[in-house]
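All remarks here apply to the structure that follows.
The values are calculated or read from the model by the stated rules, or taken from the named source; none is laboratory data. It should be emphasised that the depicted structure is a prediction, and the values quoted were computed from it without experimental measurement. No Cβ is skipped: glycine too gets one built from the backbone with ideal geometry, and neighbour counts run over all protein chains shown. Side chains included, ligands, DNA and RNA excluded: accessible areas come from the protein's heavy atoms. Shrake-Rupley method; radii C 1.70, N 1.55, O 1.52, S 1.80 Å.
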Amino acid sequence: MALWLESRARALSDQVALKLGTLGNTSRRLSPSDGGRDLPPYPVSWYVIATSAELTPGTVLSRRLCGEDAVLFRTQSGDVGMLQAHCPHLGAHFAAGGEVTGESLQCPFHGFRFDKGGRCVATGYGTSPPVKAQARRWPVVEQNGLILAWYHPAGEAPTWTVPAWEDEGW
């Protein structure tokens, strides 16, 4: 069983390293147990990024997830989104004056607005949004009073969910 687990871990490590190699922003970590192969810089997992109580509607929070800057925001309808911290238009930091406008996050510099999927839905100029103006997004879930964000170094979708627990009486 131990040999099977070790070989499976090596195979998964190789797959992730191949994908990471295409991103160009990886860290090399060496491990004696894997013969010095590239390992992902952070585990593929769900991470607690905030509590539900600290993210009220209209709030924008600056966060760091696995070495990357991000912003967490709650839309007016109560949905949660997490995007890269800097606007893809000209790089303004969303948490430094950005605000939630309805169901989108507005950049403080030129007023570009992005939905929680990272798609530009409006510009500050009244022109149609540029197709290439896309902000990186992280999948998020809210349960048991916590907001969790999914991290995968190659940006892949979640492969598992965090089970909710019964917290009555705690």
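Take Y42: with every protein chain present and a 1.4 Å probe, its accessible area is about 80 Å². With a Förster radius of 35 Å applied to the beta-carbon distance between D167 and E103, the computed FRET efficiency rounds to 0.75. Label sites at D79 and A53, each approximated as a point 7 angstrom past Cα along Cα to Cβ, lie 2.7 nm apart.
Here T51 sits with roughly 60 square angstrom of accessible surface, probe radius 1.4 Å. Computed 3J(HN,Hα) for the stretch 95-108, one whole-Hz value per residue from the Karplus formula 6.51 cos²θ - 1.76 cosθ + 1.60 where θ = phi - 60°, is 7, 9, x, x, 9, 7, 10, x, 10, 9, 9, 9, 5, x, glycine and proline marked x. Dipole magnitude for the stretch 39-170: about 600 debye, using +1 per Lys or Arg Cβ and -1 per Asp or Glu Cβ, origin at the Cα centre.
The string of couplings for the stretch 50-65 from the Karplus curve (6.51, -1.76, 1.60, θ = phi - 60°) is 5, 9, 4, 5, 7, 10, 7, x, x, 7, 10, 10, 8, 9, 10, 10 Hz, one whole number per residue in order, with x for Gly and Pro.
Taking all protein chains as they are arranged and a probe of 1.4 Å, the heavy atoms of L90 leave approximately 110 Å² accessible to solvent. Protein-only accessible surface at a 1.4 angstrom probe places the residues V44, V80 in the order V44, V80, largest first.
The mean sequence distance of close C-alpha pairs (under 8 Å, at least 6 residues apart), as a share of the length of the stretch 96-146, puts its relative contact order at 22 percent. Charged neighbours of F114, selected by a Cβ distance under 11 Å, balance to +3 (K, R count +1; D, E count -1). Between the alpha-carbon centres of the stretch 40-67 and the stretch 100-158 there is a gap of 14 Å.
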